[in-house]
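Student: If you scroll down you'll find the structure; I have some questions about it.
The values are calculated or read from the model by the stated rules, or taken from the named source; none is laboratory data. All of these numbers come straight from a predicted model, not from anything done at the bench. In this analysis, Cβ positions are derived from the backbone assuming ideal geometry, glycine residues included, and neighbour counts consider all displayed protein chains.
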Amino acid sequence: MILTDHLPALQVVVPMLIAPLVVLMRVRGLPWAVATVTSLMAFAIAVGLTNTVLDSYSVTYEMGSWRAPYGIELHVTSFSALLLLIVTGASTLTLVAGKQSIDTEIGHDRQPLFYAAWLLALSGFTGIIVTGDAFNIFVFMEIASLASYVIIAAGSDRRVLPAVFKYLIMGTIGATFYLIGIGLIYMMTGTLNLADMEARIHEVGELRPILVAAGFITLGLALKAAVFPLHAWLPHSYTYAPHIVTAFLAACSTKVALYVLLRFDFLVFQQNLSTHEVQFTVFLMPLAVFAILIASGVAVFERNLKGLLAYSSLAQVGYILLGASLVSMPGLTAGLMHMFNHALAKGALFLAVACLGMRFTRLELVNLSGVARQMPWTMAAFVLAGLSLIGVPGTAGFISKWMLISAALQEGALGVALVAIIVVSSLLAVVYIWRVIELAYFGDPPEAGQSVNEAPVWLLVGTWVAALMNIYFGIIPSLPLSLASESAASLLQHLP
Amino acid sequence: MELLGLYNYWAFAVVLMTGLYAVITKGNLIKKLIGLSIFQSAVFLLYITMNKVDGGTAPIVQKGVADQVFSNPLPQVLILTAIVVGISTTALGLAIVIRIKESYGTIEEHEVQNLDHDL
């Protein structure tokens, strides 16, 4: 075997092995450098895997050469490749750009531990994505979650602590629900391998435990994915976390949970539970609609900039779920595209917030009055990413929203109502992004004598790279589009 | 009789709900964590219960014994991992509670909320 055959395993193992080494590095700046290089390696591996997946359909890897279903199997499909690109890309870009922001928020003595936890979170997320084993997903989910709690709790505002405690309680309940579901399925089928599970549920006579398991798993993962009304942990955690951590997690953490949710519902349960697709739609579509409307509405009245963007994230989870709950090829493709595009837009927005965070200790909207005159580059990037979030033509956000609307229109009368909801919430997005823009560009600076400089160049470059990617993928969306449509096709292959 | 025979599963449900009840209703953060631990232990019980085969013994192959019935060892291995995860979660939770105590001076949830309300 040559090295490239081991890419699926290396994707997880590289950050996991380097994490404990980072703890030992006491030279100033070294933990950041090593973490960034590791993250870059993970990104390179993800790109390599994506290339392979685009050529052939999927990659399987037997851990320790134990044949599935006895050993743990890693399974990289186009769906996994899409998520791997999002997670490793977000981690790399935020790390490269964010050194100064992290330095101001986290003391040098704590930095080795912080970067180690960051790498563990990265390794956990990639682990969830590549593995094909249900229990393995649970373990990686907990690695990722525990590491996320740590990097969120590194925030300097004390309000982060109750927020992270709430996240820990709700996250653990979600993971435990998932574990119960896996237990029930294992009880009936005797397997933990996802592909094997799907085949063996056929042979199960009594389907009630499987139905209960489907409920537990869907609910547990919905908690992790912050699906409305199980989102209570998200706004405060994102608001008070270090800015760069918010940028990283907002781009990927809820999406990874949604990825597992979709894999279970479409690949494992779909074929085996009668009218499962109807239950899926009836249960999740109202939640998606509520998430879109209520979270966007709350964002309009939010007074903290990060809080505003966090509530907007909840609404975006709603869009992704809405696309999936249509259970149609265009709908699912739109949902998956929105995963990618929202990661781009929200990553860029939170990086711009990190730029502002370099100059302001408090990010209440009133503090930012007139800031665009002092930090024109930061605010220009914010506007660009904001346009993508709203879905203005020419940006990435437009592509997925347009696809979502055209998918909804195929659903008849219900679809028209959904389109109305999407349009209304996009208008709400215009309102809340405009509130920031109006204040920053047309508000008066609080004191004439107080001068604020532009953010550090390196952070600004990272922000602009993220913002320009919104334009690039708005004009040339072929890469995420081909991955998303291939994944949607594979998720829907079992549909009657 | 069959319903009573499944007493382990009844215990699982009762313990699970006890833990969840504590997590939801208790205002003291330590009590919440205790509830969370109880909640997780219930799942351990579920896994341990399902691996038991009537008359089954430890899965060790012996020479000359062909018709031995074995209990399934896999769930035990899984739950060993889950216990480790549970301990880490509790430890991290307690560490956060210590930091809450340091910066707020209390570990009652509503008092913490009130302290932040004034900011």
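Student: So if I check each of B:GLY93, B:GLY86, which one is within 15 Å of the chain's Cα centre (by Cα), touching a residue at least 12 places away in the same chain (Cβ under 8 Å) and over 30 Å from A:ASN193 (Cβ atoms)?
Tutor: B:GLY93
Student: A:ALA352: more than 23 Å from A:ILE294 (Cα to Cα) and buried (at least 18 other Cβ atoms within 10 Å of the Cβ), yes or no?
Tutor: Considered against the rule, which asks whether it is more than 23 Å from A:ILE294 (Cα to Cα) and buried (at least 18 other Cβ atoms within 10 Å of the Cβ), A:ALA352 comes out as yes.
Student: Which of the residues spanning the range A:219-262 are in a helix (DSSP H, G or I), small (Gly, Ala, Ser) and within 20 Å of A:ALA175 (Cβ to Cβ)?
Tutor: Scanning the range A:219-262 gives A:GLY220, A:ALA222, A:SER237, A:SER253, A:ALA257.
Student: Just checking, which of A:ALA334, A:ALA352, A:ALA315 is on the phi < 0 side of the Ramachandran plot and in contact with a Phe, Trp or Tyr (Cβ under 6 Å, 6 or more places away or on another chain)?
Tutor: A:ALA352
Student: Could you list, in sequence order, all residues of the range A:388-402 that are surrounded by 24 or more Cβ atoms within 10 Å (Cβ to Cβ) and assigned to a helix (DSSP H, G or I)?
Tutor: Answer for the range A:388-402, where residues must be surrounded by 24 or more Cβ atoms within 10 Å (Cβ to Cβ) and assigned to a helix (DSSP H, G or I): A:SER388, A:LEU389, A:ALA396, A:GLY397, A:ILE399, A:SER400, A:LYS401.
Student: Restricting to the range A:78-108, give me the number of residues that are more than 15 Å from A:LEU351 (Cα to Cα) and buried (at least 24 other Cβ atoms within 10 Å of the Cβ).
Tutor: So the count comes out to 9.
Student: Hey, among the residues in the range A:133-185 that are small (Gly, Ala, Ser), under 21 Å from the mean Cα position of the chain (by Cα) and facing chain B (nearest Cβ under 9 Å), which one's farthest from B:TYR9 (Cα to Cα)?
Tutor: Here the residue is A:ALA153.
Student: Let me ask another. For a quick check of your reading: which helices (runs of 4 or more DSSP H) sit entirely within the range B:1-84 and have at least 1 residues that are surrounded by 14 or more Cβ atoms within 10 Å (Cβ to Cβ) and within 13 Å of chain A (Cβ to nearest Cβ)?
Tutor: Correct list: B:7-25, B:29-51.
Student: State all residues of the range A:138-179 that are acidic (Asp, Glu) and closer than 29 Å to B:LEU46 by Cα; if no residue qualifies, say none.
Tutor: Result: A:GLU142, single match.
Student: Same structure again: What pairs come up if the first residue lies in the range B:29-54 and is at pLDDT 90 or above, the second is in a loop (DSSP other than H, G, I, E, B), and their beta carbons are under 6 Å apart, counting only those six or more places apart or on different chains?
Tutor: Listed by first residue and then by second, the contacts come to B:LEU29/B:ILE107; B:LYS32/B:LYS26.
Student: Would you mention how many residues in the range A:476-490 are among the hydroxyl-bearing types (Ser, Thr, Tyr) and either outside any helix (DSSP H, G or I) or over 19 Å from the mean Cα position of the chain (by Cα) (or both)?
Tutor: 3
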